[in-house]
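In what follows, a single structure is set out as structure tokens and then discussed.
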Amino acid sequence: MKLTNLRALIAAIEEGSLRAAGKRLGVSQPALTKLIRELERELSTTLLVRSTTGVIATAQGLVMYERAVAAERELTQAVEQVRQLDGNMSGVLNIGAVPLAVMLLIPETLRTFGSAFPAIQLRIVEELYIAQLTRLRKGEVDIALGPLPPELPPGEFVVEKLMPIAMVAVARKGSPMGQARCLRDLAEAPWVYTGATSDAGYAKTLFAQHGLPPPPAGAIVNSTLGLLSIVASGKCVGLLPRQIAAHPMAMQHLDVIKLEEGPLIAELCVLTRTETHLKPSVRHFMAHLHRAAHQIAEQ
């Protein structure tokens, strides 16, 4: 099984067209078709079928596609790692980060890291932590930045703490909910949960820490922007990092609720896969992250 055949399959499935896939790889359509047929003969199965708009993958084709993408990604990582170990600090570094990290840590880290390693291209993916962990498991990102989830299986990732985060309750500016003084005052209020379901989340954790049942889920979102939009509409309460809640754009629409229980304290961490040999660029970027976090802590 050759890498060229696998790349042909990847391109055909992603483009949905043999002609477009051939153009992407710089080969003719007949040549690309031949590469895929060789792979099908080797596996004794059909990987692609023609449709009215191009080609689509069979169930077997999707299995090969997912494995081929993972294999190509690992090979690319290996090539970059070997080159970096030889002193050629070039390549791509993929970072998954929560909005707080993008706002506070990433700018300073990019400034110092980019100055030290200008040939390393950085790609930043901003999303919630649950999606980042999935990407990290698949190898789609090299580093994940966000609050340490309490349900994380021990030993699955290498975890390094960067700085504490205070998660504060927020409500629409001028909302009566903003006058609450304790969590019991908000026990019946609808809260915004972040994640896939209401089975977990910061709101549930905060209430549990004070011996209270979880509040009702008024909405479940998978982005900070979604949380901000829903809370600003006035129907729900939510939890945000204090730094985001204090941002001038957020302060126009939100009030921080001064609860006697205080904020929920989380820990902003950097996670990597448990590999014996990380790319040198990953280790250097983590060192610059710690430096940026230290500077913020001293402010």
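Derivation of every value follows stated rules applied to the coordinates shown; laboratory data play no part. Owing to the predicted nature of the structure, the values given are computational and were not obtained by experimental measurement. Because the Cβ atoms are built from the backbone with ideal geometry, glycine has one as well, and the counts that use them run over all protein chains shown.
For the chain, find the longest principal axis of its Cα atoms and tell me its angle to the long axis of helix 129-138, 0 to 90°, nearest 10. The angle comes out near 20 degrees. What number, in percent, do you get for the relative contact order of segment 3-82 if the mean sequence gap of Cα pairs under 8 Å and at least 6 apart is divided by its residue count? For segment 3-82, the relative contact order is 29 percent.
Springs between Cα atoms under 10 Å define the GNM used for the chain, and in it the highest mean-square fluctuation of PRO216, PRO241, PRO30 occurs at PRO30.
Bridges between two residues of the chain, per DSSP, are antiparallel at a rate of about 60%.
Dipole magnitude for segment 226-299: about 320 debye, using +1 per Lys or Arg Cβ and -1 per Asp or Glu Cβ, origin at the Cα centre. When the charge dipole of segment 3-82 is built from unit charges on Cβ atoms (+1 for Lys and Arg, -1 for Asp and Glu) and taken about the Cα centre, the candidate among VAL63, THR52, GLN77 whose Cα reaches farthest toward its positive end is THR52.
Computed over segment 3-82, the convex hull of the alpha-carbon atoms projects to a mean area of 5.2 nm². Evaluated on segment 85-142, the Kirkwood hydrodynamic radius is 12.3 Å, with distances taken between all distinct Cα atoms. Restricting to DSSP loop positions (anything but H, G, I, E, B) with no more than 11 other Cβ atoms inside 10 Å of their own Cβ, which trypsin sites (Lys or Arg not before Pro) remain in segment 238-299? Passing both the DSSP loop test and the Cβ count: no residue. Each Cα pair under 8 Å and six or more residues apart adds its sequence gap; the mean of these over the residue count of the chain is a relative contact order of 21 percent. Rounded if a/c is under 1.5, else prolate if a/b beats b/c, else oblate: with a ≥ b ≥ c from the C-alpha gyration tensor eigenvalues square-rooted, which is segment 37-86? It is prolate, given that a/c is not under 1.5 and a/b is the larger ratio.
Residues in segment 71-82 carry Karplus couplings, in order, of 5, 5, 4, 5, 5, 4, 4, 5, 4, 4, 5, 4 Hz; the curve used is 6.51 cos²θ - 1.76 cosθ + 1.60 with θ = phi - 60°, and Gly or Pro positions show x. Considering only ALA11, ILE244, ALA297, and ranking their Cα positions along the charge dipole of the chain that arises from unit charges at the beta-carbon of Lys, Arg, Asp and Glu, the one farthest toward the positive end is ALA11. In the chain, the longest principal axis of the Cα atoms and the axis of helix 3-15 are about 60 degrees apart.
In a solvent-free Debye calculation with one equal scatterer on each Cα, what is log10 I(q)/I(0) for the chain at q = 0.06, 0.07, 0.15 Å⁻¹, listed in the order of the q values? Ignoring solvent entirely, the Cα scatterers give -0.28, -0.38, -1.11. Using only side-chain charges placed at the Cβ, +1 for Lys and Arg and -1 for Asp and Glu, the dipole size of segment 149-299 relative to its Cα centre rounds to 340 debye.
Residue exposure proxy: ASP142, ASP199, ASP185, ordered by other Cβ atoms within 10 angstrom of their Cβ from fewest to most, comes out as ASP199, ASP185, ASP142.
Dimensions of segment 33-127 along the principal axes, based on C-alpha atoms and rounded to the nearest Å, stand at 52, 34, 19, largest first.
Just how large is the dipole of segment 72-113 about the Cα centre, in debye to the nearest 20, putting +1 at every Lys and Arg Cβ and -1 at every Asp and Glu Cβ? If you can, show how the numbers build up before the last one.
Working: 3 positive and 5 negative charges, 27 e Å.
So the magnitude is around 140 debye.
When averaged across all projection directions, what area in nm² does the alpha-carbon convex hull of segment 72-186 cover? Let's see the in-between values first.
On the way: hull surface 40.4 nm².
Its Cα hull, projected and averaged over all orientations, spans 10.1 nm².
When the convex hull of its Cα atoms is viewed from all sides, segment 60-109 shows a mean projected area of 5.1 nm².
Principal-axis analysis of the Cα atoms of the chain puts helix 280-298 at an angle of about 10° to the longest axis.
Dipole of segment 89-299 computed with +1 at Lys/Arg Cβ and -1 at Asp/Glu Cβ about the Cα centre; of LEU122, PRO215, MET177, farthest Cα towards the positive end is LEU122. Each label point was placed 7 Å from the Cα along the Cα-to-Cβ direction; for THR46 and VAL159 their separation is 4.8 nm. How large is log10 I(q)/I(0) at q = 0.17, 0.18, 0.32 Å⁻¹ when the Debye formula is applied to the Cα atoms of segment 1-47, each weighted equally and without solvent? At q = 0.17, 0.18, 0.32 Å⁻¹ the computed log10 ratios are -0.38, -0.43, -1.22. For segment 149-299, the percent of C-alpha pairs falling in each 10 Å distance bin, counted from 0 to the bin holding the largest distance, reads 10, 35, 31, 18, 5, 0.
Across segment 157-238, C-alpha contacts under 8 Å between residues 6 or more apart give a mean separation that, scaled by the residue count, equals a relative contact order of 37 percent.
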